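The block underneath contains the structure these notes are about, expressed in structure tokens.
The values are calculated or read from the model by the stated rules, or taken from the named source; none is laboratory data. If you're wondering where the values come from, they're calculated on a predicted model, not measured in any experiment. Don't worry about glycine lacking a Cβ; one is built from the backbone with ideal geometry, like all the others, and counts go over all protein chains shown. The protein model used for the area step is the full one, side chains on, heavy atoms only, and it has no ligands, DNA or RNA in it. Shrake-Rupley method; radii C 1.70, N 1.55, O 1.52, S 1.80 Å.
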Amino acid sequence: MHSAAGRDAVRRKGDLRHFREAGATLREDMRTANGHALSYSQVVRALLVVNPQATTTTPAGRDVLAHALASDVKLEVVETSYRGHAADAAHQAAADGFDLVIAHGGDGTVNEVVNGVLRGGPRPEKPMLGVVPGGSANVFAGALGIPRDPVEATHVLLQAIEHGTKRRVGLGQVFADVIENGRWFTFNAGVGLDADVVAGVEHKRAKGRTASPFLYLSVALKAYGQLVRKPQHFTVEVPDEAPFDTDGMVFVSNTDPWTYFGDRAIQLNPSTSFDGGLGVSALRTLRVPTVGRYIAQVLATGNPKSGKLVRRDDVGYVRVKCEDPANLQVDGDFLGTTTEVEFRAVPDALTVAL
């Protein structure tokens with residue numbers, strides 16, 4: 001593992017010398033791991049995509065990460081400057097034959113990079129994905145067991161490059177009239193309440209608010225109150241059973257957990273994983289007692305059960321029809337409103353360096 005000196009140097013700010021020291025210390029730790037120097041049969045060509053606006057991404061962390069990687073891979077760095085930039089950069093890297101695309105940012109950055117890499121569909125020659133967390137929740141990284149600390153995550157990534165370790169993961173894909181050619185998602189998606197919350201938080205952040213668990217909670221309470229006053233009605237279809245009706249929300253999971261509230265994992269479909277199909281959770285009513293029991297179970301056990309709850313695991317698709325236009329989100333990114341949407345499970349869609 002990397003030394004305390006390297007960790008301390010990462011956390012100092014404002015002095016480039018400390019950035020270089022941290023990168024050099026981390027690289028030396030990688031080279032001497034397990035008592036032997038690294039050797040590569042080929043040069044790995046990698047693109048590092050950095051979102052400088054992500055919650056915990058800093059110039060210090062970016063420089064340490066770039067210095068640590070540059071000694072062991074042929075590295076290029078792109079800092080995003082507009083929505084969709086990460087996807088465009090990742091797509092170009094795939095077209096140019098890069099071996100690895102590394103996302104350094106939050107779940108939105110990871111989602112864009114994945115959509116860029118997989119533009120045109122999964123193929124064996126597509127680059128691997130690397131993840132160094134820099135956001136507030138980092139759900140995809142957490143579900144894969146990648147450390148939240150950027151230095152520790154870089155250590156894991158360099159170990160994966162050294163030993164050639166990787167993992168194939170299944171993803172979800174969503175199709176709706178608001179999305180051209182579909183959209184990939186890595187950990188969750190939904191229509192109704194969760195998408196209302198995502199839209200509300202995006203609106204607050206555009207006005208300068210910082211993302212935090214308490215911001216999400218306050219927005220969620222307001223969105224729930226609006227749904228109680230004016231419910232949304234959905235018809236949901238999954239394989240091999242009759243359609244069912246639900247009010248207010250349809251949650252679709254590609255893995256567990258659904259998300260994090262601070263450090264607490266929020267589990268809606270704990271049997272869902274990257275190795276199976278999608279999970280779906282939907283309440284038939286948004287009455288206060290039903291929602292209160294559901295939230296209490298989620299927080300207490302992570303395995304909610306109720307006669308008013310419809311929950312399925314390992315399904316190949318979820319189709320939702322909405323009486324009125326409803327908000328849609330994927331991986332915490334608000335996509336717009338739709339009246340009909342389909343979520344599909346795509347096995348072994350992506351290779352992650354891990």
Residue under evaluation GLU125, criteria (1) acidic (Asp, Glu); (2) outside any loop (DSSP other than H, G, I, E, B); (3) open to solvent by 60 Å² or more (accessible area, probe 1.4 Å), criterion not met: (2)
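Among the residues of region 232-257, write down those that are in a loop (DSSP other than H, G, I, E, B) and surrounded by 15 or more Cβ atoms within 10 Å (Cβ to Cβ).
Filtering region 232-257 for residues in a loop (DSSP other than H, G, I, E, B) gives 232, 238-243, 248, 254-257.
Those that are in a loop (DSSP other than H, G, I, E, B) and surrounded by 15 or more Cβ atoms within 10 Å (Cβ to Cβ): GLN232, VAL238, GLY248, ASN254, THR255, ASP256, PRO257.
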Condition met for PRO133 (in contact (Cβ under 8 Å) with a residue 40 or more places away in the chain, over 26 Å from VAL250 (Cα atoms) and buried (at least 21 other Cβ atoms within 10 Å of the Cβ)): yes
Selected residue (criterion: surrounded by the most Cβ atoms within 10 Å (Cβ to Cβ)) from residues of region 175-216 that are free of Cβ contacts under 8 Å to residues at least 12 places away in the same chain and under 26 Å from SER273 (Cα atoms): GLY182
Subset of region 88-106 [among the hydrophobic types (A, V, I, L, M, F, W, C), farther than 15 Å from VAL43 by Cα and either open to solvent by less than 10 Å² (accessible area, probe 1.4 Å) or part of a strand (DSSP E or B) (or both)]: ALA90, ALA93, ILE102, ALA103
Every pair of residues 6+ apart whose Cβ atoms lie under 6 Å, when the first sits in region 288-301 and is under 17 Å from THR246 (Cβ atoms) while the second is open to solvent by 80 Å² or more (accessible area, probe 1.4 Å) and at pLDDT 90 or above: THR290/LYS308
Index of the failed condition, VAL219 passing every other in (1) within 29 Å of GLU323 (Cα to Cα); (2) assigned to a strand (DSSP E or B): (2)
Qualifying positions in region 307-324 - farther than 11 Å from ASN269 by Cβ and open to solvent by 80 Å² or more (accessible area, probe 1.4 Å): LYS308, ARG319, LYS321, GLU323, ASP324
Residues of region 258-304 satisfying the condition of being closer than 23 Å to LEU227 by Cβ, part of a loop (DSSP other than H, G, I, E, B) and open to solvent by less than 60 Å² (accessible area, probe 1.4 Å): TRP258, GLN267, LEU268, ASN269, THR285, LEU286, PRO304
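With respect to VAL291, determine if the residue is more than 19 Å from the chain's Cα centre (by Cα) and closer than 30 Å to PRO127 by Cα.
Spelling it out, it is not the case that VAL291 is more than 19 Å from the chain's Cα centre (by Cα) and closer than 30 Å to PRO127 by Cα.
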Residue count, region 140-190 (criterion: in contact with a Ser or Thr (Cβ under 9 Å, 6 or more places away or on another chain) and of a type in the set (Ser, Thr, Tyr)): 1
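Which of the residues that make up region 137-184 are among the small types (Gly, Ala, Ser) and not in a helix (DSSP H, G or I)?
Start the filter on region 137-184 by keeping residues that are among the small types (Gly, Ala, Ser), which leaves 137, 141-143, 145, 153, 160, 164, 170, 172, 176, 182.
Matches in region 137-184: ALA137, GLY145, GLY164, GLY170, GLY172, ALA176, GLY182.
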Selection within region 136-154 - touching a strand residue (DSSP E or B) at 6+ places or on another chain (Cβ under 6 Å), within 19 Å of ALA60 (Cβ to Cβ) and either aromatic (Phe, Trp, Tyr) or open to solvent by 10 Å² or more (accessible area, probe 1.4 Å) (or both): ARG148, PRO150
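Mind checking which residues of region 307-347 are on the phi > 0 side of the Ramachandran plot and either at pLDDT below 95 or hydrophobic (A, V, I, L, M, F, W, C) (or both)? Steps first, please.
Start the filter on region 307-347 by keeping residues that are on the phi > 0 side of the Ramachandran plot, which leaves 314, 331-332, 336.
GLY332 - this is the single residue of region 307-347 that is on the phi > 0 side of the Ramachandran plot and either at pLDDT below 95 or hydrophobic (A, V, I, L, M, F, W, C) (or both).
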